[in-house]
1. Which of the helices (runs of 4 or more DSSP H) found entirely inside the range 1-110 contain at least 1 residues meeting this: of a type in the set (Val, Ile, Thr)?
2. Output the residue which, of all residues in the range 167-214 that are part of a loop (DSSP other than H, G, I, E, B), crowded, with 17+ Cβ neighbours inside 10 Å and small (Gly, Ala, Ser), is farthest from the ligand (Cβ to nearest atom).
3. When only residues in the range 129-163 that are among the β-branched types (Val, Ile, Thr) and away from the ligand (no atom under 13 Å from the Cβ) count, which is surrounded by the fewest Cβ atoms within 10 Å (Cβ to Cβ)?
4. Of (1) in contact (Cβ under 8 Å) with a residue 24 or more places away in the chain; (2) over 25 Å from residue 139 (Cβ atoms); (3) not β-branched (Val, Ile, Thr), residue 362 satisfies all except one. Which?
5. Is the range 25-44 home to any residue that is at pLDDT 95 or above, of a type in the set (A, V, I, L, M, F, W, C) and closer than 16 Å to residue 210 by Cβ?
6. Go through the range 77-97 and give me each residue that's free of Cβ contacts under 8 Å to residues at least 40 places away in the same chain, over 19 Å from residue 14 (Cβ atoms) and either within 20 Å of the chain's Cα centre (by Cα) or within 12 Å of the ligand (Cβ to nearest atom) (or both).
7. Yes or no: the range 113-124 includes at least one residue that is among the polar types (S, T, N, Q), outside any helix (DSSP H, G or I), at pLDDT 95 or above and within 16 Å of the ligand (Cβ to nearest atom).
8. Quickly run through the range 137-163 and pick out the residues that are assigned to a strand (DSSP E or B) and small (Gly, Ala, Ser).
Amino acid sequence: MTFKPAKWPRKLRSQEWFGGSSKDAIYHRSWMKNQGLPADLLDGRPVVGICNTWSELTPCNAHLRDLAEKVKFGIYEAGGFPVEFPVFSPAESSLRPTAMMYRNLCAMDVEEAIRGMSMDGVVLLAGCDKTTPALLMGAASVDLPAIVVSGGPMLNGMFRGERVGSGTHLWKFSEAVRAGEMTAEEFVEAEASMSRSPGSCNTMGTASTMASMAEALGMALSGNAAIPAVDSRRRVMAHLTGRRIVQMVKDDLKPSDVMTKQAFENAIRTNAAIGGSTNAVIHLLAMAGRTKGVDLTLDDWDRLGRDVPTIVNLMPSGKYLMEEFFYAGGLPVVIKRLGEAGLLHKDALTVSGGSMWDEVKHVKNWNEDVILPVEKALTQSGGIAVLRGN
Ligand code: FES
């Protein structure tokens with residue numbers, strides 16, 4: 001951890017648009033003022049973009065405008081000026097032929113919006129699978145201060161007394177119908193029980209994995225990954241993130257300070273410990289490719305992740321869902337376990353301005369059936385083994 005905060009006050013990037021009395025400055029300020037802005041909002045204070053993947057066609061992110069309002073509160077409180085902007089929102093559940101084809105389109109949208117617009121830092125509002133890596137890729141390329149707020153997972157699905165995991169049970173019920181163990185009418189009835197609140201998938205699927213990767217990389221405040229979308233503490237997280245980004249702009253704390261090789265190594269080990277999605281391999285390699293000088297390869301996944309035990313008992317590998325993971329203490333407990341096992345770069349810098357270990361060392365595990373002791377791990381080598389051949 002070698003970060004040294006920049007001097008404050010100083011002239012910020014947004015003043016290239018809004019500062020002074022030239023024709024161009026008046027042009028930029030005048031048009032912004034059509035939104036009813038008091039003049040002092042453009043006086044040189046941090047202008048913070050809120051990059052929003054909200055869309056009603058991406059149901060996992062349909063609540064993000066509400067969260068954006070909380071981010072704005074935090075930015076105003078800390079003396080910044082928030083400006084929300086939309087970007088393309090790839091929806092895993094409905095985008096054809098597959099959302100994976102559009103991750104890079106979203107990343108390019110994010111990158112060019114940040115680079116081309118008058119902002120000094122950015123809050124990244126993500127949720128559904130591809131949105132988190134896409135936003136981090138775009139932000140890493142521009143390298144202005146950036147921080148992630150996840151939309152959070154849905155509440156547990158429940159059907160006839162049984163926990164129902166997004167995706168996981170869709171296949172299970174479909175097979176049950178084919179086997180004659182469930183009627184088609186019951187299958188339709190289960191549909192609303194599967195997705196009963198705003199938020200992303202409630203299993204440790206790609207969305208929760210990537211929210212966990214953002215946190216393990218140090219690009220979100222500690223605890224961000226697991227708070228359910230509808231829990232009031234998700235709104236608190238958004239509010240606090242708004243406050244934090246203003247200080248990050250003043251300090252000039254950028255993705256290149258946080259997304260280091262050490263941070264990626266922490267993320268790879270965390271992915272093994274949570275039993276995260278294999279899609280994380282593709283996304284982390286792409287994200288590393290957008291950073292300044294982090295050389296991450298498939299061999300790193302094999303070397304670092306292979307022998308890490310999977311201790312998070314969540315579907316699709318295990319029994320519980322994200323709601324229970326949050327109640328058990330969430331990702332900080334897992335990262336602390338890695339630290340205790342000598343599998344964490346404890347001094348990796350996070351967006352908090354402190355070390356990863358400082359963020360997690362005090363946390364407790366409140367449910368050892370959800371976050372398992374190492375001797376009861378779901379599997380002792382939960383990492384990704386890289387196989388080559390034809
Ligand atoms: Fe959006 Fe799973 S479909 S998070």
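The values are calculated or read from the model by the stated rules, or taken from the named source; none is laboratory data. Computed from a prediction, not measured in an experiment: that's the story for all the values here. Note that we place each Cβ from the backbone using ideal geometry, even for glycine, and neighbour counts take in every protein chain shown.
1. Details: elements: 15-18, 23-32, 64-77.
Fully inside the range 1-110 and qualifying: 23-32, 64-77.
2. At the first step, the residues of the range 167-214 found to be part of a loop (DSSP other than H, G, I, E, B) are 167, 179-183, 195-199, 201-205.
Then drop every residue that is not crowded, with 17+ Cβ neighbours inside 10 Å, which leaves 167, 182, 195, 197-199, 201-205.
Among the residues that remain, those that are also small (Gly, Ala, Ser) are: 167, 195, 197, 199, 205.
Details: 167: 7, 195: 9, 197: 13, 199: 8, 205: 6 Å.
Across the range 167-214, the extreme among qualifying residues is 197.
3. Step one: of the range 129-163, the residues among the β-branched types (Val, Ile, Thr) are 131-132, 142, 147-149.
Narrowing further to those that are away from the ligand (no atom under 13 Å from the Cβ): 142, 147-149.
On the way: 142: 19, 147: 28, 148: 27, 149: 31.
Restricting to residues being among the β-branched types (Val, Ile, Thr) and away from the ligand (no atom under 13 Å from the Cβ), the top hit is 142.
4. (1)
5. No, the range 25-44 contains no residue that is at pLDDT 95 or above, of a type in the set (A, V, I, L, M, F, W, C) and closer than 16 Å to residue 210 by Cβ.
6. As a first pass, look at the range 77-97 and keep what is free of Cβ contacts under 8 Å to residues at least 40 places away in the same chain: 83-86, 88, 91, 93-97.
With over 19 Å from residue 14 (Cβ atoms) added as a condition, the list becomes 86, 88, 91, 93-97.
Correct list: 86, 88, 91, 93, 94, 95.
7. Going through the range 113-124, the residues among the polar types (S, T, N, Q) turn out to be 118.
The next check asks that each one be outside any helix (DSSP H, G or I); those that pass are 118.
Still in the list and also at pLDDT 95 or above: 118.
Those left that are additionally within 16 Å of the ligand (Cβ to nearest atom): none.
Looking for residues that are among the polar types (S, T, N, Q), outside any helix (DSSP H, G or I), at pLDDT 95 or above and within 16 Å of the ligand (Cβ to nearest atom), one finds none in the range 113-124, hence no.
8. Within the range 137-163, the subset assigned to a strand (DSSP E or B) is 146-150, 153, 157-159, 162-163.
Passing the criteria: 146, 150, 157.
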